[in-house]
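The values are calculated or read from the model by the stated rules, or taken from the named source; none is laboratory data. None of the values given here were measured: they were computed from a predicted structure. Cβ sites come from the backbone with ideal geometry, for glycine too, and all protein chains shown count toward neighbours. In case anyone asks, the SASA skips ligands and DNA or RNA and just uses the protein heavy atoms, side chains included. Shrake-Rupley method; radii C 1.70, N 1.55, O 1.52, S 1.80 Å.
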Amino acid sequence: MSEKQQVLYDIPGPKAIRRDRLYTVLISVLIIGALVWLAIDAYRRGIFDDRWQVLWAGDKGFTGFEVWQRLLVDGLLLGTLKAVVIAVPIVVAFAMILTITRQAPTRWIRYPAIGFTHIFRGIPVLLIMYFGVIAMDLSPLMAVVLGLVVYNTAVVAEILRAGIAALPSGQREAGLAIGFTPLQTMLRIQLPQAVRIMLPALISQIVVLLKDTSLGFIIAYVELLTTTKNLYNFFGNSSVIPLVVAAMVVYILVNMAVSRLATYIEGRMRTRQPRAAAPAKGADAGSGLVP
Amino acid sequence: MGVLIDNFDLLWGAFLTTLGITVVAGVLSFVWGVVLAAFRVSPVAPLRTFSAAYVTIFRNTPLTLLFVFLGSAAPPLFGIVLPLGVITAIVAMSLYTSTFVCEAVRSGINSVGVGQAEAARSVGLTFIQTLGTVVLPQAFRSVVPPLINVYVAHIKNTSVAAGFATTELTAIGTRLANGNPGDVIGVFMGVGVAYLVMTLPLSISAEKLESKVAVAR
C-alpha cells in the first residue's frame, strides 16, 4: 500500500483502531468462513478424494511426470509460448512501421495507418483467427499468430504513439534543426526514446498476448488449454477439476512472472534514469492495460 | 454480400445477443469492479487482501479458461450448474472484466490530488463519504478514457462465447462462412462491420475525451 492510498483515511486513533480491529476480525471470519464452507461443501461432493493423484501419481499408465510433461512441454512450451515467440517479433516490427507511417507528413500514408489501428483494435481477435482458418486456409498455429499479430500491432502502435506524444517537443525540433529529415528524426530520436519510456506497458502487453493464445483452444490449435482438455477427456470426468486448476495455476504463474518483469524494469528505470521515467503517465503497467 | 442480406434476421439476432451479453455483463462488471476498487483502498486489511487476490487470479487467467472452468469444473466443485450459452458468458465476462474496471478505477483514485482527500477528511467525512462524495466523482473523470478502452475490449471478448455454445456474432459469422464458401470474405467483412458499429464510436470518443482531459489538467 502506498502513502497515496493511506491519505484516504486518518491515521487511526484509539477508537478507530478498536473499530478497525473489529471489522478486520469480522470480515476475516466472514471470508475464511465462506472459504471453509465452500471447502466443506466440495468435500461432501467428494472433491478431495484420490482424483488429485492424477497430478503426481498419474493414471491409466501415465506417470505424474508424463502428465506434467504433456501440460508444460506439449501445452505451454510447444503450444502457448511457441505462438508467443513467433508473434512478438512480428508485432514489434509491424508496430514500428505502423507508428512511423502514422506520423508521416503525407496524408495518403498517414490516414490508412490511422484507419488500421482503429479498425483492428475494434475487431475480435477470435474473428481474425477464424478468418485465417476459413478464408485464408491457414494452419491453426498460423491463424493464431495472424490474430495475435494483427490486433497487437494496432495496440502496440498505439502505445508507441502515446510514448512519442509524451516526449518533450524539443526532441523532434532538435532533430529537425540539425538537418535530419522527419523520418530520420523519428527513427533516431523519437522512436528509441518512446520504446524506452513505454517498455513497462509494452511488456504488460505480452501478458495480453499470452492470454489471447488461449483462443487457439476454440480454433483447434494445440496449446496449454487444449492439452488440458485432451488430458481430462482421456483420464475421465473426475480429473477435470485437478487438471483445470493446474492449468489455471500455470497461466497465473507465467503471467505474474511477466508482470513482475514489467514492474522490475519500471522500478529500475525510475532509480537509474530519473529523467527518462518522468513522462511515465500512461506507462503504469496496470492502468493502460486492456483485457 | 448476398449471403448477408439473405441471412439478415440471423445476423440481427446474433448482433442482439452480442449486445445483450455486452450490456448485462458490462453493468455487472462495472458495479463489481468499483466495489473491488473500494475494497482495494479500504482501511480494513482483509478486504484489501481479498480484492488483490481476486484481481491477481482473474486478471491473469485467460477468459477462455474461465469459460472452460465454469462449464466443466464449477459444477462438481461448487455444485453450481450454469445453463450453457448466454448465462455462462455473462458470468464469465463479469468476473473477468470487473478486474480491469477495478484496476482502471484504482489508478483513477490515485490520480486525484492528495489535498482533496485531506480536505474531505478534515471536514469530518468518513472513509466511505470521502470516497463516495469527493474522490470517486473526480476519479471517474480521468478514469473514463481508460474505462472506455476496457469496454471496447469487453465487447470484443464476448466473441469467446462463440466457442461455448452461444450463437452470437462470431459464431453466426463462422457458420455462414462455412456454409457459403463463395462468399467468405463478404461474410467476415459484414460481421467485422457489425463489431465496429459497437466499438468504433467508443474508441474514437475515448481518444477525443483523452485529449480533453489532458488539456483540462
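Going through (1) without any contact (Cβ under 8 Å) to a residue 60 or more places away in the chain; (2) surrounded by fewer than 20 Cβ atoms within 10 Å (Cβ to Cβ); (3) not in a helix (DSSP H, G or I) one by one, B:Leu84 falls short only on (1).
Is it true that some residue in segment A:34-43 is free of Cβ contacts under 8 Å to residues at least 24 places away in the same chain, open to solvent by less than 30 Å² (accessible area, probe 1.4 Å) and within 10 Å of chain B (Cβ to nearest Cβ)? Yes.
Within segment A:44-55, restricting attention to residues that are in contact with a helix residue (DSSP H, G or I) (Cβ under 8 Å, 6 or more places away or on another chain) and at the interface with another protein chain (Cβ under 9 Å from one of its Cβ atoms), which residue is farthest from A:Val245 (Cα to Cα)? Per the criteria, the residue is A:Arg45.
Scanning for something in contact with a Phe, Trp or Tyr (Cβ under 7 Å, 6 or more places away or on another chain), under 30 Å from B:Val44 (Cβ atoms) and modelled with pLDDT of 90 or more, does segment A:97-108 turn up at least one residue? No: segment A:97-108 contains no residue that is in contact with a Phe, Trp or Tyr (Cβ under 7 Å, 6 or more places away or on another chain), under 30 Å from B:Val44 (Cβ atoms) and modelled with pLDDT of 90 or more.
Checking segment A:12-24 against the condition returns a match, with at least one residue being modelled with pLDDT of 80 or more and touching a helix residue (DSSP H, G or I) at 6+ places or on another chain (Cβ under 7 Å).
When segment A:80-138 is filtered for residues that are assigned to a loop (DSSP other than H, G, I, E, B) and β-branched (Val, Ile, Thr), the ones remaining, listed by number, are A:Thr106, A:Ile123. Right, A:Arg172: among the charged types (D, E, K, R), in contact (Cβ under 8 Å) with a residue 60 or more places away in the chain, buried (at least 18 other Cβ atoms within 10 Å of the Cβ) and assigned by TED's automatic domain parsing to the domain that holds A:Ile90 or not? Considered against the rule, which asks whether it is among the charged types (D, E, K, R), in contact (Cβ under 8 Å) with a residue 60 or more places away in the chain, buried (at least 18 other Cβ atoms within 10 Å of the Cβ) and assigned by TED's automatic domain parsing to the domain that holds A:Ile90, A:Arg172 comes out as no.
Residues satisfying the criterion are absent from segment A:194-213 (criterion: in the same structural domain as A:Tyr251 (by TED's automatic domain parsing) and on the phi > 0 side of the Ramachandran plot).
B:Pro43 - would you say it is within 9 Å of chain A (Cβ to nearest Cβ), over 25 Å from A:Ala257 (Cβ atoms) and not hydrophobic (A, V, I, L, M, F, W, C)? Spell out how you get there, then give the answer.
Working: within 9 Å of chain A (Cβ to nearest Cβ): yes; over 25 Å from A:Ala257 (Cβ atoms): yes; not hydrophobic (A, V, I, L, M, F, W, C): yes.
Here the answer is yes, as B:Pro43 does meet what is asked.
Here is the figure for segment B:179-204: residues that are open to solvent by 80 Å² or more (accessible area, probe 1.4 Å), more than 22 Å from the chain's Cα centre (by Cα) and closer than 19 Å to A:Phe116 by Cβ total 2. Checking B:Ile21, B:Ile57, B:Ile90 one by one, the residue that is under 30 Å from A:Tyr9 (Cβ atoms) and either β-branched (Val, Ile, Thr) or surrounded by fewer than 18 Cβ atoms within 10 Å (Cβ to Cβ) (or both) is B:Ile57 and no other.
Okay, residues lined up against (1) in contact (Cβ under 8 Å) with a residue 40 or more places away in the chain; (2) touching a Gly at 6+ places or on another chain (Cβ under 7 Å); (3) within 30 Å of A:Ser239 (Cβ to Cβ); (4) surrounded by fewer than 19 Cβ atoms within 10 Å (Cβ to Cβ):
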position: A:Asp74; (1), (2), (3), (4): yes, no, yes, yes
position: A:Ala87; (1), (2), (3), (4): yes, no, no, no
position: A:Phe94; (1), (2), (3), (4): yes, no, no, yes
position: A:Thr101; (1), (2), (3), (4): no, no, no, yes
position: A:Thr106; (1), (2), (3), (4): no, no, no, yes
position: A:Ala157; (1), (2), (3), (4): yes, no, no, no
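With the structure loaded, tell me whether A:Lys60 is away from chain B (no Cβ under 11 Å), modelled with pLDDT under 95, open to solvent by 50 Å² or more (accessible area, probe 1.4 Å) and not in a helix (DSSP H, G or I) or whether it fails that test. Yes, satisfied. I'm trying to understand the selection: among the residues of segment A:230-246, which are buried (at least 22 other Cβ atoms within 10 Å of the Cβ) and of a type in the set (S, T, N, Q)? Listed by number, the list holds a single entry, A:Ser239.
Figure legend. Inter-residue proximity from segment A:177-189: first residues open to solvent by less than 60 Å² (accessible area, probe 1.4 Å), second residues of a type in the set (D, E, K, R), beta-carbon distance below 8 Å, spacing 6+ or different chains. Indicated pairs: A:Phe180/A:Arg188; A:Thr185/A:Arg172; A:Ile189/A:Arg172. Scanning segment B:153-178 for residues that are buried (at least 24 other Cβ atoms within 10 Å of the Cβ) and assigned to a loop (DSSP other than H, G, I, E, B) yields B:Thr166, B:Glu168.
What tally of residues in segment B:194-217 results from selecting those that are farther than 25 Å from B:Ala104 by Cβ and at the interface with chain A (Cβ under 9 Å from one of its Cβ atoms)?
0
Can you confirm whether A:Thr227 is in a helix (DSSP H, G or I), free of Cβ contacts under 8 Å to residues at least 40 places away in the same chain, assigned by TED's automatic domain parsing to the domain that holds A:Leu253 and crowded, with 18+ Cβ neighbours inside 10 Å? In short, no. Residues of segment B:59-94 being at the interface with chain A (Cβ under 8 Å from one of its Cβ atoms) and of a type in the set (S, T, N, Q), which ones? B:Asn60, B:Thr61, B:Thr64, B:Ser72 - these are the residues of segment B:59-94 that are at the interface with chain A (Cβ under 8 Å from one of its Cβ atoms) and of a type in the set (S, T, N, Q).
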